[in-house]
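None of the figures in this text is laboratory data; all of them are computed from the coordinates on show. Model, not experiment: these values are computed from the prediction. Methodologically, a virtual Cβ is constructed for each residue, glycine included, from the backbone with ideal geometry; neighbour enumeration extends over all protein chains shown.
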Amino acid sequence: MRKLAVVLGAILALAMVGAAFADTSVTLNELNNSGISGSAQLIAKGNQTEIIITETGEPSDASEPVHVHTGQCGPTLGGVKYPLKNVEGGSSDTTINASLASLETGGFAINVHQSAANIGTYVACGNIPAVSVTPAATALPKAGGTPVALIVIVGGALVGAGYALRRRAA
Ligand SMILES: [Cu+2]
């Protein structure tokens, strides 16, 4: 029973670590009374990131340009860094040539425009949050988005705990 608990704990811990590093959710907030809001899921894929946008309130015939911009939503929003596929029918799915870590600096936002003709009208925007990563984790390669250092630390701690339990049981 104890061994089973340790194994289940290890699986749960690794799943939690993986979830914390493997993707990010960005809330897209309504702008200019557009009635449009939603979210973007950023999924780490090595040197690439898949960005899946889901919106509510988009007019059925709309095709909204959307980009990763430099800066943050509001007065500091900068230029287009990575174009994404237009949001149509409330969704957009694009894989860009940038790692998730390179986007999580606090210097990028996802901005949705009303249309190609009304590119200057913003309908929704969300800031990509900054994520602080420990130096040890950044120095090592990642396995499926999970820093190897964390797997080693968590795995080592759990193996140690299991060994202690076995010794106590013997
Ligand atoms: Cu834009």
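For the reader, a short list of remarks on this structure follows.
- FRET efficiency, N118 to S39 (Cβ-Cβ, R0 22 Å, nearest 0.05): 0.45
- Linear extension gain, N32 paired with E50, 0.36 nm per residue minus alpha-carbon span: 3.7 nm
- Net lengthening on full extension, V80/T95 (0.36 nm per residue, minus Cα-Cα): 3.8 nm
- Descending by average beta-carbon neighbour count within 10 Å, the peptides 46-52, 29-35 line up as 46-52, 29-35, the highest first.
- For the stretch 47-93, the square roots of the Cα gyration tensor eigenvalues, ordered a ≥ b ≥ c, give a/c of at least 1.5 with a/b no greater than b/c, which places it in the oblate category.
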